[in-house]
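Structure, as structure tokens:
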Amino acid sequence: MTLPATAPRDPLTLEVVQLIGAVVGRYHEEYERAAAAHALTGAQARVLSLLSLGPLPMRRLARTL
């Protein structure tokens, strides 16, 4: 199924897209702030969150890697 080159841009659709963008932007800002509070970059925090579902000792994390 191919989508049209230009999707219809009614006001409601635009507002919903803008609101979703705002929520995603806030989520990323909060994530970066939380990571910085632990002396991590956002990327480092994301990798750590992918490696475990909860807190875990550094030794076990090292074994995983």
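List pairs: first in the stretch 11-28 and in a helix (DSSP H, G or I), second surrounded by 10 or more Cβ atoms within 10 Å (Cβ to Cβ) and modelled with pLDDT under 95, Cβ under 9 Å, 6+ apart or cross-chain?
H28/G42
Which residues, taken from the stretch 34-62, are in a helix (DSSP H, G or I) and surrounded by fewer than 10 Cβ atoms within 10 Å (Cβ to Cβ)? If you could, list the steps in order and put the result at the bottom.
Step one: list which residues in the stretch 34-62 are in a helix (DSSP H, G or I), which gives 34-37, 42-51, 58-62.
Within the stretch 34-62, A37, L50, M58, R59, A62 qualify.
The values are calculated or read from the model by the stated rules, or taken from the named source; none is laboratory data. A quick note: this is a predicted structure, and the numbers were derived from the prediction, not measured. Don't worry about glycine lacking a Cβ; one is built from the backbone with ideal geometry, like all the others, and counts go over all protein chains shown.
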